[in-house]
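Structure, as structure tokens:
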Amino acid sequence: MGKHAEPCLCRDASHRVRGLILRGIFLTRRKELAWFYQYGASEIFPDFWERYREEIPEDERHDFVTAYYKRLTSEDEQTRLSAARAWSVWEGSTSKLYPDKDLMEHWEGAHEALSLARIECHYFMNNSFFPTENYLIENIAKIRNIPTVIVQGRYDVVCPITSAWDLHKAFPEAQLVVVPDAGHSVSEKGITSALVEAMDKFRVQAQSAL
């Protein structure tokens with residue numbers, strides 16, 4: 001949940017924060033959830049979507065997040081694990097510009113799958129505990145004094161660039177770095193390089209301020 005948590009955590013402590021580096025922007029809006037978990041990304045990765053879809057009976061597929069939440073909170077261990085693996089492998093399968101088999105297999109792990117799926121779905125079922133749909137954008141003024149770099153993969157299917165663009169428009173002081181040959185994953189070469197470059201920039205600024 002880190003990609004949407006940083007602004008939330010910093011908005012009341014901006015006097016203690018020297019800079020923010022945000023990657024793969026997700027604002028927890030309903031349209032973002034619908035795109036990835038209901039319909040949208042499914043059209044780009046129909047092969048990987050199939051496992052995610054088949055985990056849920058047809059009569060519950062009108063609301064995949066609710067159906068998954070029901071299973072991720074089931075008292076039956078195997079039901080929880082099966083749902084968690086389908087949910088997490090779907091995300092892992094779509095996280096890179098070029099699908100990565102090793103990443104998919106990583107999310108088959110019981111601990112990894114349950115940790116990711118249960119916390120994500122819990123947040124989504126509760127509107128990420130925000131009082132309004134567009135809470136992060138509505139409150140962006142509270143952190144606009146913090147030097148910020150936004151790193152976003154051009155072909156991020158998990159967190160499409162629309163959200164990074166919306167954030168940048170509301171926060172024009174932030175530097176938006178669009179990596180032209182990357183998806184969502186922090187381990188993609190272009191994303192990693194952009195993050196390191198941003199960190200180096202802040203390091204130099206901090207040293208020169210001493």
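Taken together, the values in this text are just the output of simple stated rules run on the coordinates, not laboratory data. Nothing here was measured: the structure is a model prediction, and the numbers come from that model. With ideal geometry, Cβ positions are generated from the backbone for all residues, glycine too; neighbour counts draw on all protein chains shown.
Computed on the chain, with alpha-carbon pairs under 8 angstrom and 6+ residues apart, the relative contact order is 27 percent. Between region 60-118 and region 147-210, what is the separation of their alpha carbon centroids in Å? Region 60-118 and region 147-210 have Cα centres spaced 27 Å from each other.
Packing-wise, with mean Cβ within 10 Å as the measure, how do 173-185, 151-163 rank, highest first? Walk me through the numbers before you get to the answer.
Working: 173-185: 18.1, 151-163: 21.8.
The packing order, highest mean first, is 151-163, 173-185.
Size descriptors for the chain: radius of gyration and Dmax over Cα atoms are 17.9, 62 Å.
For the chain, the tally of Lys pairs with Cα-Cα distances below 28 Å comes to 21, considering only residues 8 or more apart or on different chains. Mind running the shape call on region 31-129? Use the C-alpha gyration tensor, a ≥ b ≥ c as the square roots of the eigenvalues: rounded below 1.5 for a/c, prolate if a/b tops b/c, oblate otherwise. Here region 31-129 falls in the rounded category.
Couplings 3J(HN,Hα) of region 172-178, computed from phi: x, 5, 6, 7, 9, 10, 9 Hz, in residue order, whole Hz [Karplus 6.51 cos²θ - 1.76 cosθ + 1.60, θ = phi - 60°; x for Gly and Pro]. Based on the reciprocal of the average 1/r between different C-alpha atoms, the Kirkwood radius for region 110-180 equals 14.1 Å.
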